[in-house]
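The values are calculated or read from the model by the stated rules, or taken from the named source; none is laboratory data. These numbers come from a predicted model, not from an experiment. All Cβ positions, glycine included, derive from the backbone under ideal geometry; neighbour counts span all protein chains shown.
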Amino acid sequence: MSNMEARTSKVAIVRCDSYEREKVSGAVREAVELLGGIDSILGEAAAVQSMGKDAEIVLKLNMLGRHAPEKAVTTHPEVFRAVGELLQENGYGNLVYGDSPGSPVSNMEKTAEGCGLKAVADELGIKPGDFDRGTDVDYPEGKVARRFVLCNEIAKATGAGGKEPAGLIINICKMKTHQLERITGAVKNTFGCVCGVNKAMTHATYQSPEHFARMLADLNTLVRPALHIMDGIVAMDGNGPASGDPFPMNAILVSTDPVALDAMFCKLIYLDPQMVATNTACADAGVGTWDDEKIEILLGGVPMQKEGAVITTDELEVKYADKNFNVQRSREFRGSMSLMGFVRRFANKKPVVIANKCVGCGVCEQTCPLEDKAVIVRQDSTGRAVAQYDHSKCIKCYCCQEMCPERAITVKKSLLAKIVDRRWKV
């Protein structure tokens, strides 16, 4: 068997340097065509095989919070538009959209309005899905998570809980950094299938990056989106997934394999895919592969490049990766160092408040998944309300940092942690 025949997953990467409507539409269409076309991709889904193009298609977006598109926090409206129009033009008319926002009290449609996504949905006639209410779903096949509370729309579409699937999911994610898992991409975006406050409870249950990643692996085997489309035209680096900086990566990535897609995201930012727990956990669970030898990259949108040309991951790094992308590339404690429990507490990173940015709104306290809150808002010595941490309680889930509307929480490393990072720099 040849090396190319041994490859099991395909990732289409199409260069796109702006959110100009025609450019985005062209990039999304080209990427989908490189994978064989929308009918070929969706035709594999059970719901399409039984109901044809009347099957419900849930466009699962990234709607972390009410952030303007230029902040690079959420799926850009033009990417959403491009996917919706492509589906409608190919006869798929039963479309709904949504996400469960990061805050447990946020309304989905109001969040969509704040992100500029509702206006596009209304224009295209795409209905809002039921993402504000949940359905208890037992999942005995899960390796670590045997129960989920899924948003009603997700439970209905996928048939989770033993029912006949009424549709399928297309996962339209955003390319961003993430303090717990290093990056958030296709795999992590499915966490928005979990309804409301249950996401916070899940963080409290699965606290380490590895344990949380194994939960996500179970979730991905349960809901299994049919297609993953990543908005990487303007990504977010640094203090992501909500308080980082917009960073142009100029790419749309598409795959039916979420792990392969995230692995190629890693390659574009010089991050070893094995350093991302969601990649390794999902590979172990059979969700997909991060292995270079099993991924075929189809490149498009590049001048002087043969359309649909296959390139290697090494060529992808050399030609298109950006070392200036600010992401955690260093290894955690390894080997004998992992036994030194007495120094671990001094080497971990932790969330801290930027006092002059904090307005005392209480979102961090509200978002903290612990019953005995690790962060509370109280008056400081000047009588000003400001968030304050008890780091002895903190589980390092970074929900507070993720949801802070003022970008007033960052993640700080101790001097020892910085030394360790330099020692094991990838």
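Considering only residues that are aliphatic (A, V, I, L, M) and more than 26 Å from the chain's Cα centre (by Cα), look in region 368-384 and name the one that is surrounded by the fewest Cβ atoms within 10 Å (Cβ to Cβ).
Only one residue fits best here, namely Ile376.
Scan region 9-21 and give yes if some residue there is in the same structural domain as Leu95 (by TED's automatic domain parsing), in a helix (DSSP H, G or I) and crowded, with 19+ Cβ neighbours inside 10 Å, otherwise no.
Scanning region 9-21 turns up no residue that is in the same structural domain as Leu95 (by TED's automatic domain parsing), in a helix (DSSP H, G or I) and crowded, with 19+ Cβ neighbours inside 10 Å.
Looking at (1) part of a loop (DSSP other than H, G, I, E, B); (2) surrounded by 24 or more Cβ atoms within 10 Å (Cβ to Cβ), which one does Leu271 not meet, given that it meets all the others?
Among (1) part of a loop (DSSP other than H, G, I, E, B); (2) surrounded by 24 or more Cβ atoms within 10 Å (Cβ to Cβ), the lone unmet condition for Leu271 is (2).
Within region 219-238, how many residues turn out to be surrounded by fewer than 23 Cβ atoms within 10 Å (Cβ to Cβ) and either at pLDDT below 95 or among the charged types (D, E, K, R) (or both)?
Number of matching residues: 2.
Can you say whether Lys350 is at pLDDT 80 or above and within 26 Å of Phe247 (Cα to Cα), as far as the supplied structure shows?
yes
Give just the number: which of (1) under 25 Å from Ala31 (Cβ atoms); (2) in a loop (DSSP other than H, G, I, E, B) does Val234 not satisfy?
(2)
Between residues in region 257-280 that are within 16 Å of Ser9 (Cα to Cα) and residues that are at pLDDT below 95 and not β-branched (Val, Ile, Thr), which pairs lie under 6 Å by C-beta distance while being six or more apart or on different chains?
From residues that are within 16 Å of Ser9 (Cα to Cα), the pairs are Lys267/Leu316; Lys267/Glu317.
With the structure loaded, tell me whether Ala260 is more than 15 Å from the chain's Cα centre (by Cα) and farther than 15 Å from Thr184 by Cβ or whether it fails that test.
No; evaluated as a whole, the condition is false for this residue.
What number of residues within region 148-162 satisfy the criterion of being over 21 Å from the mean Cα position of the chain (by Cα) and charged (D, E, K, R)?
Residues in region 148-162 being over 21 Å from the mean Cα position of the chain (by Cα) and charged (D, E, K, R): 1 in total.
Return the residues of region 195-211 that are touching a Leu at 6+ places or on another chain (Cβ under 8 Å) and surrounded by fewer than 24 Cβ atoms within 10 Å (Cβ to Cβ); say none if nothing qualifies.
Passing the criteria: Ala204, Pro209.
With the checklist (1) out of contact with any Phe, Trp or Tyr (no Cβ under 9 Å at 6 or more places or on another chain); (2) over 21 Å from Ile169 (Cβ atoms); (3) crowded, with 18+ Cβ neighbours inside 10 Å in hand, flag the one item Gly26 doesn't pass.
Single failed check for Gly26: (3).
Here's a check for you: in region 237-266, which residue that is in a strand (DSSP E or B) and not aliphatic (A, V, I, L, M) is nearest to Asn152 (Cα to Cα)?
In this case the residue turns out to be Ser255.
Would you check if Val105 is farther than 20 Å from Val234 by Cβ and in contact (Cβ under 8 Å) with a residue 60 or more places away in the chain?
In short, yes.
Go through the residues of region 193-203 one by one and say whether even a single one is assigned to a helix (DSSP H, G or I) and either acidic (Asp, Glu) or at positive phi (or both).
no
For the list (1) more than 26 Å from Phe148 (Cα to Cα); (2) out of contact with any helix residue (DSSP H, G or I) (no Cβ under 7 Å at 6 or more places or on another chain); (3) among the hydroxyl-bearing types (Ser, Thr, Tyr), I need the number of the one condition that Tyr92 fails.
(2)
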